[in-house]
Structure formats: C-alpha cells, structure tokens
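The values are calculated or read from the model by the stated rules, or taken from the named source; none is laboratory data. Small disclaimer: the values here were computed from a predicted structure and weren't measured. In this analysis, Cβ positions are derived from the backbone assuming ideal geometry, glycine residues included, and neighbour counts consider all displayed protein chains. SASA here: full protein model, heavy atoms, side chains in, ligands and nucleic acids out. Shrake-Rupley method; radii C 1.70, N 1.55, O 1.52, S 1.80 Å.
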Amino acid sequence: MIDILVYLFENYLPDACPEPAVLAKKLSAAGFGRDDITAALSWLDGLAGEDSGRCNSPLVEGAVRIYNDEELERLPVACRGFITFLEQHDAVDAPLRETIIERALALPDAEVSLDRLKVIVLAVIWRYRHEVDALILEELLAEESDDEDLGMDEGVTRIMLN
C-alpha cells in the first residue's frame, strides 16, 4: 500500500487525483494488486474524511502530546521523535500531527517504521497542500532503512515544492 502512496505523490497533484473508481483502474494498469489498491483507497478515503477540521478534539498550542498504550506500541521511539522534530521545527501544527498519528495507526502494520511514517507525513502534507521548508522536505525524503518499494525520486520533491 505504501508504494501506491509514493506512486500518487510522483504522478498526481492532490486536486488532480482521479475519482476512486478511475484511480483504481489506473493503479491496476500500473501493475498494483487489487488488495493493495483497495487498502490504499480505503486509507486515502480516511484521509479525505478528515477535511472538516482535521481533528475533532480541542488542542492547546504548546501542550505536550501524551501517547496512549496503542500509540506507544505501534509508533516506536524513532517515529514519536520524528513527529516531535516536525512540531518543534513548525513543519506541522497540532491538528496536522493528530492527523498523521491517526493515519499511521490506520495502517495494518503492527509497528510503523520511520520510513513508512515519513510517507504518511508526505501523504498528509500532500493532501492538505501544507507548505514545508525545503530542509524538512529533504529529511522526509531521506530513507532510514531497507523498506521495500519506498524509492522516492526528485519527482516527489518537485510536487511537494510546487
């Protein structure tokens, strides 16, 4: 599923992405499997559902984020640290942070790797057309491990900087 998100970053702008039925056909023609397409479309639908305000709970600016047990289990220290890094450098605000965490927990993975979290951050930024400093974007595009199918090229950089 993550490779489909990367494909979308490289090939579509958020408002130029086809409707789900058309997108499913295009992804199938591009060689993605039906199960992965279904999972990716479902995940994207959850992201689109956040439009109304991104976060339903009131958030206090500058408050410390306390992770619950499930979040601690599924988001390792590296992921939580990266989210804090993004906040401290004003790359994301509290509602965007909550959207990122919610979408990370929507993955079927027992534990979300840092590379996968970075793709999720890119997806959320892409979806909301949130501007990000070029150095932060470079950090988001840096791969930390050998997760398969996470190869992102300069096409993603062009999309995110436009």
Checklist entry - Residues with beta-carbon under 14 Å from that of Arg74, excluding Arg74: net charge, scoring Lys, Arg +1 and Asp, Glu -1? => result -4
Item to check | Where Cys79, Cys17 fall by accessible area, highest first, once all protein chains stay in place (1.4 Å) | outcome: Cys17, Cys79
Next on the checklist: I need the peptides 103-114, 65-76, 88-99 ranked by packing, meaning the mean over residues of other C-beta atoms within 10 angstrom, with the highest value on top.
Outcome noted: 88-99, 103-114, 65-76
